[in-house]
Structure formats: structure tokens, C-alpha cells
Amino acid sequence: MKLEMTELGPVKRSLKIEVPEEAVKSEFQKVYAQLRRQAKIPGFRPGKAPIALLEKRYADLVEQDVVQRLVPDYYQRAVKEAGVVPILVDIPPLERMKVKSNSPFTFTATVEIKPTIQLGDYRPPNPISLKRDARTVTDDQVDKALQSLREQHAELDVVPEGTPLREGLHAVLSIEGFVEDRPLEGTQKKGHLLRIGSKSPILGVEVDEYLIGKQAGDMVDIPQPYPATHPDSNLAGKTMVLKVTVDAVKEQKLPELDDEFAKDCGDYDSLEHLKTTINTQLDNFLKQDLEEGYKDQVIERLLQMHHFEIPEVLIERELQTLVRQKMLKEHRHAHREDDVEEPLRLQEEAKRLQQELHPEAKRRVKLSLILDAIVQKEGLHVTEDEVNAEIQKLATSLKLPVGEIQRMVEAGGEGAQEEFRERMKAEKALQFVYQNAVIQG
């Protein structure tokens with residue numbers, strides 16, 4: 001095999017591949033031998049038809065078969081010999097290629113490859129410098145956590161008759177939605193508790209401002225118009241009237257902040273013990289937050305200090321993933337069978353998102369390539385124990401059985417499993433640079 005590689009750019013190569021005449025002739029012989037055994041030619045027993053007759057009848061078919069056998073085989077040989085790892089290959093359509101049994105066969109493949117990255121300094125004696133985040137856990141944060149616990153353990157007492165609702169008080173409500181004076185299915189609620197001032201929506205409607213000043217026994221109608229484009233056909237272009245009755249007005253009674261309260265909160269000997277535990281928990285949360293912030297600084301420095309051409313195909317793949325995820329998230333519950341304009345609207349939105357998310361896609365791909373280069377340079381790898389630990393961590397985070405997470409990873413096949421490991425390697429590379437960085441200030 002003869003191979004001629006031409007550089008078409010930092011991440012593009014042209015591979016001109018010549019298959020020797022002997023290999024071409026051998027492949028023709030194999031194809032004709034197989035055809036001879038299988039072809040049914042009138043006047044000849046199976047396997048006895050003359051090759052000359054087969055050549056006359058099936059020349060074009062055999063030629064295409066030979067091409068389809070030679071191209072993948074010699075392309076792989078060429079890639080290996082050239083020492084490149086293609087991320088995209090462009091080979092002319094096989095049906096247009098011509099091959100003759102008595103001459104060499106030449107074809108060209110254009111490949112995009114990962115860029116060669118000259119890594120900058122990120123470890124001693126020239127580590128990355130990070131700006132110190134001086135945040136610490138404050139007494140005010142501990143007090144707010146204690147206040148939240150008091151509210152969780154608070155009791156609600158009915159206020160004196162005639163007390164108007166105000167911010168901080170709780171209303172016990174009966175609710176039902178009506179459209180065109182007809183009850184709307186699934187909107188009836190009784191005993192609904194609402195803290196005035198929380199701005200917590202009821203059936204998608206904020207009702208606080210309508211209830212302030214109302215007393216137990218009062219009723220109020222709250223209109224909520226919907227646009228014609230609303231995904232629910234029962235509401236599109238109509239106004240829902242939320243009929244709300246204040247059944248009771250209650251006030252929150254907070255427990256005293258003492259040792260008894262601490263014991264009610266869990267396995268704590270005293271209020272001081274509870275405060276110490278809260279402080280430790282807040283400190284652990286802060287450490288995690290600080291580490292994430294420092295890693296963000298590491299990422300920005302890595303992106304700033306490395307300059308190379310990024311294969312457009314990788315950006316496009318990442319962009320399509322981001323667009324798909326964004327649209328699935330935004331339209332998960334918004335599909336309407338009768339909306340004939342929806343396909344066009346979604347198409348326009350996809351175009352808008354492609355423009356909007358392109359910089360982020362490029363940023364992610366660039367970071368991924370840098371971290372991959374660090375993985376290779378430092379010889380970082382992921383063990384089976386680390387994979388299992390990560391699956392356990394995911395299961396805990398998502399509150400799912402470990403077996404279900406494992407099945408989800410395995411269901412994607414070898415590609416998904418390899419991608420899972422690659423993400424872990426990238427995180428390990430980021431952790432490596434962070435651990436070698438210097439925090440100043």
C-alpha cells in the first residue's frame with residue numbers, strides 16, 4: 001500500500017491511498033469465486049459457469065463489491081500507518097469509484113482529527129494562580145438556619161375572629177377554578193395552607209395580593225387570562241376565575257430557642273450542640289462551594305492560556321446536544337396535538353438556540369480537549385472501584401437504586417460506558433490541576 005498524507009489545516013488531513021495491483025486482483029478473484037458458487041446460470045451446474053461469462057454478466061456488480069471490500073480495509077490500514085485518530089471522515093461515494101483488476105486502485109479520504117495541544121504550565125514550579133475566596137461561616141448564617149428549624153417545628157394557632165390577613169400570617173383556603181362559569185377539572189382544593197407573602201402560586205396564579213386584608217369566611221374571585229398559544233386547549237384564549245374562600249386565619253407560634261428545642265430537632269444534648277453541628281454542616285457546604293469556585297477559576301485559566309483550532313464537527317455535535325436538552329426541558333409538557341404551527345415554531349426556536357448556544361458549545365469542546373490532553377500527559381486513568389463509587393454517588397444524588405443507574409449506563413452500550421469513563425477522567429484532570437494550583441491573597 002502507498003500512502004500520501006497532505007496537511008489541509010491544523011485539524012484536517014488528506015489521505016491518498018493506493019491499493020497495490022496484486023491486492024486488487026486477489027479481491028476480484030475472491031468475489032468471482034463466491035459469485036461462481038452462488039450464481040444460477042442456465043446451462044451450467046452451480047460452480048461450473050465460466051469466469052468469462054460471469055465477467056460479462058456481472059462486471060459492474062463485482063466491481064462495486066470489490067470497492068466495498070477494499071475501501072474500509074485499506075482506509076483503516078492507512079489511518080493506522082499515518083498515526084492519526086479521525087473524529088470525522090469524508091470518503092467519496094463508493095458507487096462512484098472505479099476499480100480494474102489489472103491495475104492499482106487509488107482513493108482519497110479527508111479526515112478531521114483532534115488538534116495537537118501544546119499544554120501550558122499548570123503544575124510546580126509554575127502552577128496556576130487562583131484568587132482567594134475569603135468567605136467564612138458567620139453567626140448570622142447559623143442564626144438563619146436555627147430560625148428555619150424553628151419554623152419547621154412551629155405550630156399554627158387560630159387568630160382572634162376578625163383578624164385580617166397580612167404578611168406572615170397563614171390562610172387555610174378552599175379553591176376551585178372556573179372557565180366560562182364551568183368548574184375546571186382537577187382544580188378543586190380544600191384545606192390548602194398558604195403563608196401570605198410567600199408568593200407561592202396556586203394553580204399557577206399568585207394570590208397573595210388578593211388575600212391581604214381578607215378575614216375568615218371571606219370569598220374572592222381571582223381572574224387569570226391565558227394567551228391563545230397556551231398549550232392547554234381548555235385554557236387557551238380564555239380566562240380562568242379562581243374562586244377562593246378563606247376558611248381560617250392562623251398565626252405561626254415558634255418554639256423557644258433552648259435545650260428542649262434542640263432535643264426535639266434530633267440527637268442533640270443541648271442548644272450549643274445543635275449550633276456546633278449546624279456550624280460544621282455549613283462549613284462543609286462552604287468548602288464544597290469554595291472548591292467549585294476555585295475549579296471555575298482553573299477552567300477559565302486553562303481556556304485563556306491555550307489557543308488551537310477546534311474541529312467544527314465536535315462543536316456541532318455538542319451544539320446539537322445542548323439544543324436538544326434545552327428544548328426537551330422547555331417543551332416537556334407543552335405539546336399540543338391540534339397546534340398545526342408547532343413544528344414551524346419549534347424549528348425557528350432550534351435555529352435561535354443554535355446561535356445562542358454556539359459559544360457555550362465551543363467552550364465546552366475546547367475545555368474537553370484540554371482536559372483530555374492533561375489526562376494523556378499525566379497518565380490518568382479510572383479504576384473499576386472508582387466507576388462503582390461514582391455510580392453509587394449518582395444513585396444517592398438522584399435517589400435511585402444503584403442497579404438502576406448501572407442499567408442506565410449499560411443500556412447505552414459500549415459508547416455510553418466509555419463516555420461515562422471519559423467524563424470521570426476529565427473531572428480527575430481538573431482535580432489534578434486544582435490540587436497543583438496556588439491560592440493567593
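Close contacts from the range 106-119, counting a first residue that is at positive phi and of a type in the set (K, R) and a second that is surrounded by fewer than 16 Cβ atoms within 10 Å (Cβ to Cβ) and at pLDDT 95 or above, with Cβ to Cβ under 6 Å and a gap of 6+ residues or different chains, come to none at all. Go through (1) in a helix (DSSP H, G or I); (2) over 29 Å from L3 (Cβ atoms) one by one and return the number of the condition Y75 breaks. That leaves (2) as the condition not met.
When you check V66 against the structure, is it more than 30 Å from Q118 (Cβ to Cβ) and in contact with a strand residue (DSSP E or B) (Cβ under 6 Å, 6 or more places away or on another chain), yes or no?
Numbers: more than 30 Å from Q118 (Cβ to Cβ): yes; in contact with a strand residue (DSSP E or B) (Cβ under 6 Å, 6 or more places away or on another chain): no.
When the stated conditions are applied, V66 does not pass them.
Restricted to strands (runs of 3 or more DSSP E) entirely inside the range 141-234, those with at least 3 residues that are small (G, A, S) are 170-179. Checking the structure you have, find out if any residue of the range 236-247 is touching a Leu at 6+ places or on another chain (Cβ under 8 Å), of a type outside the set (S, T, N, Q), in a helix (DSSP H, G or I) and surrounded by 13 or more Cβ atoms within 10 Å (Cβ to Cβ). No, every residue in the range 236-247 fails to be touching a Leu at 6+ places or on another chain (Cβ under 8 Å), of a type outside the set (S, T, N, Q), in a helix (DSSP H, G or I) and surrounded by 13 or more Cβ atoms within 10 Å (Cβ to Cβ). The residue pairs whose first member lies in the range 49-68 and is outside the structural domain of E27 (by TED's automatic domain parsing) and under 12 Å from A39 (Cα atoms), whose second member is of a type in the set (V, I, T) and part of a helix (DSSP H, G or I), and whose beta carbons are closer than 7 Å, counting only pairs six or more residues apart or on different chains, do not exist in this structure.
The residue list L130, L70, L88 contains one member that is closer than 25 Å to M5 by Cβ and outside any helix (DSSP H, G or I), which is L88.
Answer with yes or no whether K98 is over 27 Å from S14 (Cβ atoms) and in the same structural domain as P10 (by TED's automatic domain parsing). Spelling it out, it is not the case that K98 is over 27 Å from S14 (Cβ atoms) and in the same structural domain as P10 (by TED's automatic domain parsing).
Yes or no, residue by residue, for (1) surrounded by 11 or more Cβ atoms within 10 Å (Cβ to Cβ); (2) at negative phi; (3) in contact with a helix residue (DSSP H, G or I) (Cβ under 8 Å, 6 or more places away or on another chain); (4) in a loop (DSSP other than H, G, I, E, B):
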position	(1), (2), (3), (4)
Q355	no, yes, no, no
A361	yes, yes, yes, no
N388	yes, yes, no, no
G415	no, yes, no, no
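Answer yes or no as to whether D259 is acidic (D, E) and either in contact with a helix residue (DSSP H, G or I) (Cβ under 8 Å, 6 or more places away or on another chain) or not assigned by TED's automatic domain parsing to the domain that holds P183 (or both). Against the criterion (acidic (D, E) and either in contact with a helix residue (DSSP H, G or I) (Cβ under 8 Å, 6 or more places away or on another chain) or not assigned by TED's automatic domain parsing to the domain that holds P183 (or both)), D259 qualifies.
Out of the residues in the range 262-280 meeting the condition of being touching a residue at least 12 places away in the same chain (Cβ under 8 Å) and not small (G, A, S), tell me which one is farthest from A145 (Cα to Cα). Give the derivation first.
First, pick out the residues of the range 262-280 that are touching a residue at least 12 places away in the same chain (Cβ under 8 Å): 262, 264-265, 271, 274-275, 278-279.
So of that shortlist, the ones also not small (G, A, S) come out as 264-265, 271, 274-275, 278-279.
Values: D264: 15, C265: 12, L271: 13, L274: 11, K275: 9, I278: 7, N279: 9 Å.
Ranking the qualifying residues of the range 262-280, first place goes to D264.
What are the residues in the range 248-261 that are of a type outside the set (K, R) and either touching a residue at least 60 places away in the same chain (Cβ under 8 Å) or not in a loop (DSSP other than H, G, I, E, B) (or both), if any? Answer for the range 248-261, where residues must be of a type outside the set (K, R) and either touching a residue at least 60 places away in the same chain (Cβ under 8 Å) or not in a loop (DSSP other than H, G, I, E, B) (or both): A248, V249, E251, Q252, L254, P255, L257, D259, E260, F261. When each of K144, K199 is tested for being surrounded by fewer than 12 Cβ atoms within 10 Å (Cβ to Cβ) and within 35 Å of the chain's Cα centre (by Cα), the lone residue that passes is K199.
Could you please find all residues in the range 91-113 being part of a loop (DSSP other than H, G, I, E, B) and either crowded, with 18+ Cβ neighbours inside 10 Å or in contact with a Lys or Arg (Cβ under 6 Å, 6 or more places away or on another chain) (or both)? Once the filter is applied, which keeps residues that are part of a loop (DSSP other than H, G, I, E, B) and either crowded, with 18+ Cβ neighbours inside 10 Å or in contact with a Lys or Arg (Cβ under 6 Å, 6 or more places away or on another chain) (or both), the range 91-113 yields M97, V99, S101. Out of K366, K351, K377, which single residue is within 14 Å of L314 (Cβ to Cβ) and either surrounded by fewer than 16 Cβ atoms within 10 Å (Cβ to Cβ) or modelled with pLDDT of 95 or more (or both)? None of the others qualify; the one that does is K366. Residues in the range 69-78 that are without any contact (Cβ under 8 Å) to a residue 40 or more places away in the chain and surrounded by fewer than 18 Cβ atoms within 10 Å (Cβ to Cβ): P72, D73, Q76. Scanning the range 257-314 for residues that are in contact with a Leu (Cβ under 9 Å, 6 or more places away or on another chain) and among the polar types (S, T, N, Q) yields a single hit, Q297. Pairing each residue of the range 307-323 that is of a type outside the set (V, I, T) with any residue that is assigned to a loop (DSSP other than H, G, I, E, B), provided the two are 6+ apart or on different chains, yields C-beta distances under 6 Å for F308/P115; F308/I117; E309/P10; E309/V11; E309/P115; P311/V11. Applying the criterion of being aromatic (F, W, Y) and part of a helix (DSSP H, G or I) to the residues of the range 21-56, the residue that is nearest to S101 (Cα to Cα) is F28.
The values are calculated or read from the model by the stated rules, or taken from the named source; none is laboratory data. In this text the structure is predicted, and so the values were computed from the model without any measurement. A quick note on method: Cβ atoms are made from the backbone with ideal geometry, for glycine too, and the neighbour counts reach across all protein chains shown.
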